[in-house]
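To start, the structure under review is shown below, and the notes come after it.
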Amino acid sequence: MATTLGEQLAVSGKIKLADYDSRATTGFDGAKDDSAKSMTLLGEELSDQQERLFANGQAKTGDTKVLLLLQGMDTSGKGGIIRYAAGLVDPQGLSIYSFKKPTPEELEHDFLWRIDKHLPAAGKIGVFDRSQYEDVLIGRVRQLAEPAEIERRYDAINDFEKAFTDSGGVLIKCFLHITTDDQKERLAARLDDPTKHWKYNPGDIDERMLWDDYQRAYEIAIERCSTEWAPWHLIPSGRKWYRNWAVAALLAEKLRGLNLEWPPADFDVETEKARLTNT
């Protein structure tokens, strides 16, 4: 029986996304009005845990680093999570990268080359807005690579993620689950609000027309790449407040499980106190 939030949200094997409720509030005991207080408490915990992580990285007393990987259809809330969940931690210990269409230089290399360049260093929390999975999602749906190459990439991703975790990395993969109705409502809200027109991309409608193909591509990616060392988590994202809470809570849970200690002083504390007194 699942006991932790991570276990409750973890998904693996053959799944059908349509069977999952995008408006579920898994692991949260309360209503929307209760989420603000919970986020405040999570912020306090995340701040402490992240400072411990960062301190160990700076002191070179540990090689632990954390990568929060966000994937989802347009409007699923990757930007919202970066603002409201990742935004709870100190920016100096945070690195954020958003993967766009590959550049000509990136296309000259293996698809994982550009991902490797942006992995977080020891002591850092990295956040990926989209990731290596684009190359088995849009690559599959838009037929940007041969089927045999797409198949190769699943194993390459698993090997890449295993190497990251073996090097001290903690990988938190979140699929932000929304329905086609959720997306339609959010796209309409962007069109109705002039302050949100900058968020709207006419190309979103083109991708929306391929909804079923993308859902199947995600199902296959989860089936092939949810591993013991890097499981996928399905985050119900039909309710924005819950989505933000769930990712923040999942991040806090993972950091808590690291049992991070403050790095010990590499000098004699009493000697330094005496020296300071004499200045």
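Look at (1) more than 22 Å from residue 68 (Cβ to Cβ); (2) touching a residue at least 24 places away in the same chain (Cβ under 8 Å); (3) open to solvent by 40 Å² or more (accessible area, probe 1.4 Å) and you find that residue 229 fails only one, number (1).
The set of residues in the stretch 138-186 that are open to solvent by less than 40 Å² (accessible area, probe 1.4 Å), touching a residue at least 24 places away in the same chain (Cβ under 8 Å) and not in a helix (DSSP H, G or I) comprises 168, 169, 170, 171, 172, 173, 174, 175, 176, 177, 178. Selection of the stretch 238-279 for residues being open to solvent by 50 Å² or more (accessible area, probe 1.4 Å), of a type in the set (Gly, Ala, Ser) and within 30 Å of residue 79 (Cβ to Cβ) yields only 257.
Condition first: modelled with pLDDT under 95 and open to solvent by 30 Å² or more (accessible area, probe 1.4 Å). Can you find one or more residues in the stretch 2-9 that meet it? Don't jump to the end; show me each part of the working.
Step one: of the stretch 2-9, the residues modelled with pLDDT under 95 are 2-3.
Next, only the ones that are open to solvent by 30 Å² or more (accessible area, probe 1.4 Å) stay: 2-3.
Yes: one or more hits.
Just name the residue that is nearest to residue 236 (Cα to Cα) out of those in the stretch 73-104 that are assigned to a helix (DSSP H, G or I) and more than 14 Å from the chain's Cα centre (by Cα). Selected residue: 88.
Going by the conditions given, is residue 240 of a type in the set (D, E, K, R), modelled with pLDDT of 95 or more and closer than 22 Å to residue 83 by Cα? Yes, satisfied. Among the residues of the stretch 86-107, the one identified as open to solvent by 30 Å² or more (accessible area, probe 1.4 Å), of a type in the set (Val, Ile, Thr) and either touching a Ser or Thr at 6+ places or on another chain (Cβ under 9 Å) or farther than 23 Å from residue 243 by Cα (or both) is 103.
Among the candidates 222, 235, the residue that is under 23 Å from residue 179 (Cβ atoms), modelled with pLDDT of 95 or more, in a helix (DSSP H, G or I) and open to solvent by less than 10 Å² (accessible area, probe 1.4 Å) is uniquely 222.
When we screen 119, 41, 107 for residues that are over 15 Å from the mean Cα position of the chain (by Cα) and over 17 Å from residue 252 (Cα atoms), the only hit is 107. Restricting attention to the stretch 38-85 and to residues that are of a type in the set (Lys, Arg) and buried (at least 17 other Cβ atoms within 10 Å of the Cβ), the residue that is nearest to residue 203 (Cα to Cα) turns out to be 78. Of the residues that sit in the stretch 10-37 and are over 11 Å from residue 245 (Cα atoms), part of a helix (DSSP H, G or I) and among the hydrophobic types (A, V, I, L, M, F, W, C), which one is most open to solvent (accessible area, probe 1.4 Å)? Within the stretch 10-37, the match that is most open to solvent (accessible area, probe 1.4 Å) is 18. I'm trying to understand the selection: among the residues of the stretch 108-137, which are within 15 Å of residue 171 (Cα to Cα), in a loop (DSSP other than H, G, I, E, B) and open to solvent by 50 Å² or more (accessible area, probe 1.4 Å)? Those that are within 15 Å of residue 171 (Cα to Cα), in a loop (DSSP other than H, G, I, E, B) and open to solvent by 50 Å² or more (accessible area, probe 1.4 Å): 118, 121, 124, 130. Name every residue in the stretch 238-279 that is in a loop (DSSP other than H, G, I, E, B) and either free of Cβ contacts under 8 Å to residues at least 60 places away in the same chain or of a type in the set (Ser, Thr, Tyr) (or both), in order of residue number. Listed by number, the residues that qualify are 257, 259, 265, 267, 268, 278, 279.
The values are calculated or read from the model by the stated rules, or taken from the named source; none is laboratory data. The structure presented is a predicted model; accordingly, all values stated were derived computationally and were not measured. We place every Cβ from the backbone using ideal geometry, glycine too, and count neighbours over all the protein chains shown. Just the protein is used for accessible areas: all its heavy atoms, side chains included, with ligands, DNA and RNA removed. Shrake-Rupley method; radii C 1.70, N 1.55, O 1.52, S 1.80 Å.
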